[in-house]
Amino acid sequence: MEIRMNNNVLSVILAGGKGSRLEPLTCDRSKPAVPFGGGFRIIDFALSNCINSGLRKILVVTQYKAASLERHIERGWHFLSAELGEFVTVRPPEQRVDENWYLGTADALYQNIYAIEQISPKHVLILSGDHIYQMNYARFISDHIQSEADCSIACLPVPKEEGRRFGVMDVDEDNRIVNFAEKPDAPRCIPGDPDHCLASMGIYVFRTEFLFEQLCRDANKPQSNRDFGKDIIPSIIEQHLVRAWSFTDAKTGEAAYWQDVGTLESYYEANMDLISVDPQLNLYDNDWPIRSHQPPLPPPKFVFNEHAPGHDRIGHAVDSTVCPGSIISGGTVERSIIGPSVRINSYAEVRDSILYDRVTIGRHARVRRAIIDKNVFVPEGMRIGYDPEEDRRHGLTVTESGIVAVPKNARFDQHSRVMKPHIGELQARHDQLRAAAEGP
C-alpha cells in the first residue's frame, strides 16, 4: 500500500469521553483507552486510520481519566519522525482561553486554536477517538478539497430507530447538506428509504480559516452548547457550502463497517464479531494494519493433554483469539478473546467471554458471557455468567442481556463477593487517620 504524507492537513482526535455507559470498564480510564480485540485500545483505530491515510500530524485532545490513554500513546505511538514534521501529541485542557474544562466538542477545538495556529494547516480533520472502523481519510479529504466546500461531514445510513443517537441530515442531489438535526426525536428518513436515515459519523474536515471563524463566533454566544452537532453545523448550512460524504466500502460500494461501542452490549458484540469466521472488521488486512503498543511477550502456550473418563485435562482454545504471553494450562477456551498474559488453569472453562491483560482463572472455575478487566483473579470453582442474580449478589455488573462485567483489579472474598483492594486500602487508611484525629 502506497502512503503519501499530507502536510496540509492536521488531524485532531477528540479523546476525552467519559464513557459512563461502559462502566465498570471506564471507572479507571476514558472510553478511547478501553482495550478492544485483545491487543488494541479503541483509540488505535482512529490513530491507525490517520497513519494509513498519510496523515502524520495528529493532536489527541484528552480530558477525563486520561492517564491510561496518555501512557498508551507514549508507549506505542511515538515512532513518528519529528525531523519530518510528524507527531502524535496529547493535548490536555490548559485553560489557555478561559478557566473551564472543555465544555463541548467545539470548545475543545476553540481552546486549542493557539496550538493549531502554530502548525498552520490548510485543513483540519476532526475525529472521535471512541469508534471502531477502518477508513481512508484521504478519500474524504480529497472530495472535500475538490468540491471547495467550507466543511464536509462523513456520514452513513443507519436504521431509523437508531437515528435519535446521531446528527441526522438531508442532502440535495449535489450532496450539499440542506437540513441537520442533532439527535432528533423523529429522525427524517432518506428519500425513497423509509427504514433508514443519513447519520453524521462525527467526522468533519474544515478549511482552517473558516473553522477558526466559526469557533470564535460560537464562543461569543452565551447560550451555545459549544458543540459541533448542536451548534456549529446547524448554524452554517444555510450560508456556507457544507457537504456530506458517504462512507462506503471501496470494493463493494456498500455502507462500510463503523461501530460506536458506547454500551457494554455493543462493545461485547463488536468484540465477538472479530472471532467469527468472516468478521465484518478485518484485522488481518495487510494493506490496512492496526497499530498499537505491543509489549515484549512470549507466544501463547497451550499445555496438558491428559484424557480421563469424564475428567479431561486438555489445554485448548477454539474459535478464539489468544494474545501473546497467555497460557492455557489444562483449561478450555471457546469463542473468546484472551488478552495478553492471561492464565487459564486446569479444568477451568471460559466461553463467549473477553478477558483483559493478566487475568487468572482458577481451577474448575467457569466463566460465560463475561468481560473481565485487567488484573482479576477468579477463584477456584467460582461461576460467572451462569446466574444473573448470583452475579449481582457478588457485586458484579450484569446487563439486561446477561453480559457480566468484572472491574479492574477485582478480588473476591471467601463468599465470592467482589472487592477492590486499592479502594479498600485507601478507605482503611482514611479511617485510621480520622480515628487518630478524633482521639480516644
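Below 16 Å, Cα to Cα, which aspartates and glutamates can LYS374 reach? Residues fewer than 8 away in the same chain don't count.
GLU23, ASP28, ASP357
Report the label-to-label distance for SER276 and ASN8 in nanometres (one decimal), using points 7 Å from each Cα along the Cα→Cβ vector.
A separation of 4.0 nm, rounded to one decimal place.
Over region 241-300, what is the mean sequence separation of C-alpha contacts under 8 Å (at least six apart), divided by residue count, expressed as relative contact order in percent?
On the way: 24 pairs, mean separation 8.8, N = 60.
Over region 241-300, the number comes to 15 percent.
Of the residues SER326, SER200, SER142, which exhibits the maximal mean-square fluctuation in a Gaussian network model of the chain defined by a 10 Å Cα contact cut-off?
Among SER326, SER200, SER142, the largest GNM mean-square fluctuation belongs to SER142.
Taking θ as phi - 60°, what are the ³J(HN,Hα) couplings along region 154-163 by the Karplus curve (6.51, -1.76, 1.60), each to the nearest whole Hz, with x for Gly and Pro?
Each residue's phi maps through the Karplus curve to give 6, 8, 7, x, 10, x, 4, 5, 8, x Hz.
For region 1-94, which chymotrypsin sites (Phe, Trp or Tyr not before Pro) are both in a DSSP coil and crowded by at most 16 other Cβ atoms within 10 Å?
On the way: sites: PHE36, PHE40, PHE45, TYR64, TRP77, PHE79, PHE87; in loops: TYR64, TRP77, PHE79.
Here the sparse-neighbourhood loop sites are PHE79.
Mind checking which lysines have their Cα closer than 21 Å to the Cα of LYS230? Skip sequence neighbours fewer than 8 apart in that chain.
Straight-distance partners of LYS230: LYS18, LYS160, LYS183, LYS221.
Report the charge-dipole magnitude of the chain in Debye, nearest 20, computed about the Cα centre from +1 at each Lys and Arg Cβ and -1 at each Asp and Glu Cβ. Walk me through the intermediate numbers first.
Working: 49 positive and 60 negative charges, 301 e Å.
Dipole about the Cα centre, nearest 20: 1440 debye.
Okay, which of region 277-309 sit inside 16 Å, backbone N to the point 7 Å along the Cα-Cβ direction of LYS251?
Residues 277-290 qualify, since their backbone N sits under 16 Å from the label point.
Per-residue HN-Hα couplings for region 312-329, Karplus 6.51 cos²θ - 1.76 cosθ + 1.60 at θ = phi - 60°, whole Hz, x for Gly and Pro?
Per residue, the Karplus-derived 3J(HN,Hα) values read 5, 10, 10, x, 8, 9, 10, 6, 9, 10, 10, 7, x, x, 8, 10, 9, 9 Hz.
Given a cut-off of under 8 Å on Cα pairs at least six residues apart, what relative contact order in percent is computed for the chain?
Numbers: 959 pairs, mean separation 55.9, N = 440.
Here the relative contact order equals 13 percent.
If packing is taken as the mean number of other Cβ atoms within 10 Å per residue, what is the order of 51-59, 173-181, highest first?
Numbers: 51-59: 21.2, 173-181: 15.4.
Result, highest mean first: 51-59, 173-181.
Separation between the GLU162 and ARG217 pseudo-spin-labels, each 7 Å from Cα along Cα→Cβ, expressed in nm?
So the two model labels end up 3.3 nm from each other.
When all protein chains stay in place, what accessible area (Å², nearest 10, 1.4 Å probe) is found for GLU213?
Roll a 1.4 Å probe over it and GLU213 shows about 100 Å².
Per the Kirkwood definition applied to all pairs of different Cα atoms, how many angstroms is the hydrodynamic radius of the chain?
Working: mean 1/r = 0.0422 Å⁻¹.
With all distinct Cα pairs of the chain included, I get 23.7 Å.
Enumerate the amide H contacts of PHE87 below 5 Å, restricted to partners 5 or more residues apart or on another chain; note that Pro and chain-start residues carry no placed amide H.
Placed amide hydrogens put LYS57, ILE58 under 5 Å from PHE87.
Please work out the C-alpha center-to-center distance from region 143-167 to region 1-76 and express it in whole Å.
Taking the Cα centre of region 1-76 as reference, the centre of region 143-167 is 21 Å away.
Hey, got the dipole for region 211-278? About the Cα centre, +1 on K and R Cβ, -1 on D and E Cβ, debye to the nearest 20? Write down the numbers at each step before the final one.
Details: 6 positive and 12 negative charges, 96 e Å.
Rounded to the nearest 20 debye, it is 460 debye.
Can you return the lysines within cross-link range of LYS57? Criterion is Cα-Cα under 23 Å, with same-chain partners fewer than 8 residues away left out.
The qualifying lysines are LYS31, LYS122.
Just name one of PHE79, GLN111, ALA66: the one whose Cα is farthest towards the positive end of the charge dipole of region 53-147 (beta-carbon charges, Lys/Arg +1, Asp/Glu -1).
Checking the options against the dipole of region 53-147, the answer is PHE79.
Picking from GLY315, LEU241, SER48, whose Cα lies most toward the positive end of the charge dipole for the chain (charges on Cβ: Lys, Arg +1; Asp, Glu -1)?
With unit charges placed on the Cβ atoms, the residue in question is GLY315.
For region 58-135, run through the trypsin sites (Lys or Arg not before Pro) and keep only the ones in DSSP coil with at most 13 other Cβ atoms within 10 Å of their Cβ.
ARG96, LYS122
Roughly what would the spin-label model give for ILE314 and LYS18, points 7 Å off Cα along C-beta, in nm?
4.9
What is the distance in Å between the Cα centres of region 352-367 and region 280-326?
13
The values are calculated or read from the model by the stated rules, or taken from the named source; none is laboratory data. Fair warning: this is a prediction, and the values are worked out from it, not measured in the lab. Glycine also receives a Cβ, built like all others from the backbone with ideal geometry; neighbour counts cover every protein chain displayed. Only protein heavy atoms, including side chains, enter the accessible area calculation; ligands, DNA and RNA are left aside. Shrake-Rupley method; radii C 1.70, N 1.55, O 1.52, S 1.80 Å.
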